[in-house]
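Every read-out reported here was derived from the displayed coordinates using simple, explicitly stated rules and does not represent laboratory data. What you see is a predicted model; the values in this text were computed from it and never measured. Glycine gets a Cβ as well: all are built from the backbone with ideal geometry, and neighbour counts include every protein chain shown.
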Amino acid sequence: MENSSIERQAQANLLKLAQLWCEAKAAYEHEIYLQKPRRGRPRNGPLPWIEYIGIVGYRATNEGKFFEKMLDRYKAGNRKPDDTKGSFTMKTYDDTLSWFEDADNWPGGDKPKLEITPLHKEMT
């Protein structure tokens with residue numbers, strides 16, 4: 001596996017988890033919204049998941065634009081060797097995965113089953 005494909009898979013894994021968290025947050029907040037009496041026109045449904053991407057970035061990495069930058073980098077494709085925009089270390093990857101593994105970090109404490117693709121192949 002090439003370095004760039006490892007990086008792409010790491011990005012895909014973190015973006016997948018961020019999207020899951022954002023969808024859970026949107027659904028959780030919509031449930032709270034429905035429980036409170038409102039005046040005026042009600043919302044049709046939860047906000048789109050992308051509306052919460054800055055929140056999960058700040059909570060998981062202490063950087064609000066973390067996942068926005070990563071999403072831009074992922075859409076741009078493989079990066080050139082001297083391009084570091086949107087990159088991250090394996091320590092950041094590991095710390096962020098650990099954050100998602102903790103059920104206390106999920107809206108309402110309801111952590112879904114997290115399935116990510118391994119970054120390496122087992123050696124035989």
Tell me the net charge near TYR52. Cut-off is 9 Å between Cβ atoms, TYR52 excluded, with +1 for each Lys or Arg and -1 for each Asp or Glu. -2
Run the quick spin-label model on ARG59 and TYR93: label points 7 Å from Cα toward the beta carbon, then report their separation in nm to one decimal. 2.4 nm
Computed, not fitted: 222 nm per-residue ellipticity of the chain from DSSP H runs ≥ 4 (each -39500 (n - 2.57)), nearest 500, equal to -17500 deg cm²/dmol
Given the options ALA18, ALA26, ALA103, state which has the largest fluctuation in a GNM of the chain using a 10 Å cut-off (strictly under) for Cα springs. ALA103
Prolate/oblate/rounded label for region 67-124 (Cα gyration tensor, a/c 1.5): oblate
Among THR61, PRO48, ALA27, pick out the residue whose Cα is farthest towards the positive end of the charge dipole of region 11-124, where Lys and Arg carry +1 and Asp and Glu carry -1 on C-beta, about the Cα centre. PRO48
Rounded to the nearest 20 Debye, what is the dipole magnitude of the chain about its Cα centre when Lys and Arg each give +1 and Asp and Glu each give -1 at the C-beta? 640 debye
Exceeding the 21 Å Cα-Cα cut-off - candidates LYS16/LYS91; LYS16/LYS65; LYS16/LYS111; LYS65/LYS91; LYS25/LYS121: LYS25/LYS121
Where a ≥ b ≥ c are the square roots of the eigenvalues of the C-alpha gyration tensor, would you call the chain rounded, which needs a/c under 1.5, or, failing that, prolate if a/b is larger than b/c, or oblate? prolate
In a GNM of the chain with a 10 Å cut-off on Cα contacts, which of ASN62, ASN105, ASN44 has the highest mean-square fluctuation? ASN44
Tilt of helix 3-35 relative to the longest C-alpha principal axis of the chain, in degrees (0 to 90, nearest 10)? 10 degrees
